[in-house]
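K.L.:
What follows is a single structure, and I will ask about it in a moment.
The values are calculated or read from the model by the stated rules, or taken from the named source; none is laboratory data. It should be emphasised that the depicted structure is a prediction, and the values quoted were computed from it without experimental measurement. Here Cβ is always computed from backbone atoms with ideal geometry, including for glycine, and neighbour counts include all displayed protein chains.
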Amino acid sequence: MIEERGRIIALVGDQARVTAERRSACGQCSVNNACGTSLLERVFGRHPVELLARNPIGAQVGDEVVVGLSEQGLLRTAAAAYLVPILALIVGATIGERFGGAYPDVASVLGALIGLALAFWWLRGYSVTLTRRPERQPVILRRLDARLSVTLSDAHQRIDIHRSEF
């Protein structure tokens, strides 16, 4: 289970809308000032992520919580989001080129665009299907005790001893 900390900002039925800060590994990388991810983060900044999670523990608005997501669900969703559009683009381009007649290049581009559009249409339906499957949705695992927060700082590094979990 992949876990992330967040704060509940709203309750929607038996689910909760949770916001969490995006974490980046750029600080630990040896090329942190030269890569594209670091550059994009500096240009656009970090924006909080909002998600809708099942709330079996009855957490309330303002509670800091730990949200979990299954590794298998994340891998399947990532594979669908990245692989399906690329494969559809390639298959569409190949079919367009094969049956393009006198203009195989134009047909290849059109086939690729049609394949990509079909992939995005399929992904939309796939994401709707996933929202109906509770085992694939994020779930609030536990609350964090906000009273036991201590932050230590020194000149070279900052250590956050976050909330103890109960």
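K.L.:
Would you please name the residue that is surrounded by the most Cβ atoms within 10 Å (Cβ to Cβ), looking only at residues in the stretch 65-75 that are touching a residue at least 60 places away in the same chain (Cβ under 8 Å) and part of a helix (DSSP H, G or I)?
P.N.:
Taking the stretch 65-75 and keeping what is touching a residue at least 60 places away in the same chain (Cβ under 8 Å), we get 65-71, 73-74.
Now restrict to residues that are part of a helix (DSSP H, G or I): 71, 73-74.
Details: Glu71: 9, Gly73: 17, Leu74: 14.
Only one residue tops the list, namely Gly73.
K.L.:
Quick one: Ser127 ticks every box in (1) out of contact with any helix residue (DSSP H, G or I) (no Cβ under 9 Å at 6 or more places or on another chain); (2) under 20 Å from Gln15 (Cβ atoms); (3) among the hydroxyl-bearing types (Ser, Thr, Tyr) except a single one, so which number is it?
P.N.:
(1)
K.L.:
While we're on this one: Taking Ala88 as the residue in question, decide whether it is farther than 30 Å from Gly6 by Cβ, at pLDDT 95 or above and buried (at least 16 other Cβ atoms within 10 Å of the Cβ).
P.N.:
Answer is yes for this residue.
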